[in-house]
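**Student:** Questions regarding the structure given below will be posed in turn.
The values are calculated or read from the model by the stated rules, or taken from the named source; none is laboratory data. Keep in mind that what you see is a predicted model, and the values were worked out from it rather than measured. Cβ coordinates were reconstructed from backbone atoms using ideal geometry, including for glycine residues, and neighbour counts include every protein chain displayed.
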Amino acid sequence: MRRRLLFFLLIAAPLLAQKRPFDVNAMMELKRISDPQLSPDGKWVAFTVQTVDLAANKKPSQIWIAPLAGGAPRQLTHDGEANQRARWSPDSKRMAFISDRGGSSQIWLMDADGSNARQITDLATEAGGVLFSPDGANLLFTSEVYPECGADDACNKKNIDAGKASPVKAREYTELLYRHWTAWQTKRRSHLLVVAVAGGAPRDLTPGAHEVPPFSLGGSDDYDVSPDGQEVCYSMNADPAPATSTNSDLYVVSIKGGETRKITLTPGADAGPRYSPDGKYIAWRAQNRAGYESDRWRLMTIERATGRVVSPTGDLDRWVNGFAWSADSAALFFTAGDRGRQAIRFVPLTGGESRIAASGDSELDDMQLTRDGKTMVYTQQTGVSPTEIFRAASTGGVPVALTHLNDQALNACQLTPLEEYWVDVPDGSRVYYYVVKPYGFQPGAKYPVLMLIHGGPQGAWGYSWTYRWNAQVFAAAGYVVIEPNPRGSTGYGQKFIDEINGDWGGRPYDDIMAVADHALANLPYADGARMTAAGGSYGGYMIDWMLGHTGRFKALISHAGVYDLPSEFGATEELWFPLWEFGGTPWDKREDYAKWSPSTYVKDFHTPTLVIHGEQDFRVPYGQGLQLFTALQMQKVPSKLLVFPDEGHWVLKPQNTLLWYKTFLDWLDSWVKK
């Protein structure tokens, strides 16, 4: 027996060694699955697959389908570069979807097998976010219209053409939230429109100057159609100063249009309404505290006949991130992050203890249930695998993968599972972190260290996949990757999240330093003399803060980092964020802004730093990166500036992504691999 085992190991070792590192080029080969949609008859799952076309510098998306019973998925759409958001008709015979195959983003219909595609809308303002009404008669969708025009396409087209023809491209504003993420506000507003499947002119269900859906904090569709097809529920922020308010509410309106009625009173955000299958309830996610985008997301329900509001999840001290109704309307399935993982739970409509339906060292999401309530479809991603689609019994059991689109590409590479550690800090809190060992790891060797600081700041690292800060790519380059979840991180209770408020460079910094100490003391292969750190957004802020507060890192990378808090306040768009985090404006809280601004500590900058920023970043405007680079240069600190004129807060274009990873790793290598 021992001889056979030895023989197997001798044969297997070279095979394992032949696996290539999972570098950025390997990452570009992956198919990116999203938006699974279970057919009403329970036989099929439609989904979107995005691929990378490096030569064209694009990421085309197409609609695929997979049988729920198992079998090979197949691609349904081939024309156009952006085919997405497949939504089934109630009889499962057709799908509505959004496509640019005609030259602009419009609604199309096709048969369930992908045949007989026909265009439904041809609007100058284009279309998105399509939903089939449950009675099959109408299509609900979003379009950015001129408020004075509404659904009048001729009026909208006249205004659009006039704007294109004008030689003057100046912008004028008299109120805040005049730009957002990567786009300047225009005179157009996103409205909900409805069009009959049989054809005809669209109707505007949400006339006026407000955005519907709003600049959402919800992360999912902020509208739904009642089971009888007669009513629409949507989220809207009607606050006259949306730049300082998170107070979106739920409204209902007849699908024929007319008077709207507000049905929620929460001072924070109300988002993602979903009608129960029996039509008696609406469920949604809500936050209680006004102006705080990182308050706990609670699951709420309202009984339509009585207006009675309850929270089925009660005092659960975790964010509800997504949810779905059971087929009988008696329970709600939901996802909640917990210590780097996201499980699917379910709870009775009446409330009580929630139970686990599916879990693991993974992030589960997008769950949907068959009409008989017996089978659940969901997505799964982990630290070593991107999103794939699974099915399982709704009561638990062994999951079955419905897609294997990335198996071949992943099996050709070495990927390293995350290892979880924690350190108890002096105030009694426990700070968790994750470690990814480097490619070709040998126990007796020493490796340089890369500590990644997540953004948010109310975010978290965990057992999930990302294409922007992929730990496997960094590990493939020979680094021990450490991912700390300091104060402010989600998944460890709301108190842990709240403890970053007004303390950006305090306890979170101490937590990160405690993780660094603990990792070097417990990971004999981690070389503390070759330790680096990098972060984006708030993570970039923390890198900027480290510049003035520690010399323990050999090199740093700050991507889209907040460098000067007062000037950041004056140039960012969602002002509710700094108003909450620092308790007011820079002129009212001058000392607090100065205390926590990395720019205050320029004289102590010494660590070599790469600064990366996108010119289209309106969340952390690129002047923050320019100021940081100027300060580093004036202080004679070795530094480099990488600016992307065509990117925003994230680097998304394929060839820019290649340059980002190359510049990132070249910079670190130059300081720790000489």
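Each row is one residue, and each column tells you yes or no for (1) under 24 Å from Pro73 (Cβ atoms); (2) at pLDDT below 95; (3) surrounded by fewer than 19 Cβ atoms within 10 Å (Cβ to Cβ).
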site	(1), (2), (3)
Glu353	no, yes, yes
Gly360	yes, no, yes
Glu363	yes, no, no
Leu369	yes, no, no
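**Student:** Can you list the strands (runs of 3 or more DSSP E) lying wholly within region 305-353 that have 2 or more residues being aromatic (Phe, Trp, Tyr)?
**Tutor:** By residue number, 320-325, 331-338.
**Student:** Give Ala56, Ala69, Ala26 a once-over and let me know the one that is touching a helix residue (DSSP H, G or I) at 6+ places or on another chain (Cβ under 8 Å) and small (Gly, Ala, Ser).
**Tutor:** The conditions single out Ala26.
**Student:** Could you pull out the residue among Gly478, Gly539, Gly528, Gly488 that is within 25 Å of His613 (Cβ to Cβ) and either touching a helix residue (DSSP H, G or I) at 6+ places or on another chain (Cβ under 8 Å) or not in a helix (DSSP H, G or I) (or both)?
**Tutor:** Gly488
**Student:** Ok, one more. Within the group Val423, Val400, which residue is in the same structural domain as Met542 (by TED's automatic domain parsing), in a strand (DSSP E or B), among the β-branched types (Val, Ile, Thr) and over 27 Å from Gln18 (Cα atoms)?
**Tutor:** Val423
**Student:** Answer yes if at least one residue in region 180-197 is under 27 Å from Phe334 (Cβ atoms) and crowded, with 20+ Cβ neighbours inside 10 Å, and no otherwise.
**Tutor:** Within region 180-197 (the criterion being under 27 Å from Phe334 (Cβ atoms) and crowded, with 20+ Cβ neighbours inside 10 Å), the answer is yes, since at least one residue qualifies.
**Student:** Check Ser254 against each of (1) farther than 23 Å from Leu139 by Cα; (2) more than 22 Å from the chain's Cα centre (by Cα) and name the one condition it does not meet.
**Tutor:** So Ser254 meets the others, but not (1).
**Student:** Against the conditions (1) free of Cβ contacts under 8 Å to residues at least 24 places away in the same chain; (2) among the hydrophobic types (A, V, I, L, M, F, W, C); (3) surrounded by 14 or more Cβ atoms within 10 Å (Cβ to Cβ), where does Ala154 fall short? Just the number, please.
**Tutor:** Evaluating Ala154 over (1) free of Cβ contacts under 8 Å to residues at least 24 places away in the same chain; (2) among the hydrophobic types (A, V, I, L, M, F, W, C); (3) surrounded by 14 or more Cβ atoms within 10 Å (Cβ to Cβ) leaves (3) as the failure.
**Student:** Out of all the residues in region 271-301, which are among the hydrophobic types (A, V, I, L, M, F, W, C) and buried (at least 20 other Cβ atoms within 10 Å of the Cβ)?
**Tutor:** Hits for region 271-301 are Ala271, Ile282, Ala283, Trp284, Ala286, Trp297, Leu299, Met300.
**Student:** Now, a different point. When the residues of region 36-61 are narrowed to those that are assigned to a loop (DSSP other than H, G, I, E, B) and hydroxyl-bearing (Ser, Thr, Tyr), which ends up surrounded by the fewest Cβ atoms within 10 Å (Cβ to Cβ)?
**Tutor:** Thr51
**Student:** State all residues of region 364-391 that are hydroxyl-bearing (Ser, Thr, Tyr) and in contact with a Gly (Cβ under 9 Å, 6 or more places away or on another chain); if no residue qualifies, say none.
**Tutor:** Residues satisfying the conditions are Thr370, Thr375, Thr382.
**Student:** Out of region 102-111, which residues are assigned to a loop (DSSP other than H, G, I, E, B) and either surrounded by fewer than 17 Cβ atoms within 10 Å (Cβ to Cβ) or touching a Phe, Trp or Tyr at 6+ places or on another chain (Cβ under 7 Å) (or both)?
**Tutor:** Gly102, Gly103, Ser104
**Student:** I've got another one for you. Check Glu126, Glu144 and return the single one that is surrounded by fewer than 20 Cβ atoms within 10 Å (Cβ to Cβ) and assigned to a strand (DSSP E or B).
**Tutor:** Selected residue: Glu144, the only one of Glu126, Glu144 that is surrounded by fewer than 20 Cβ atoms within 10 Å (Cβ to Cβ) and assigned to a strand (DSSP E or B).
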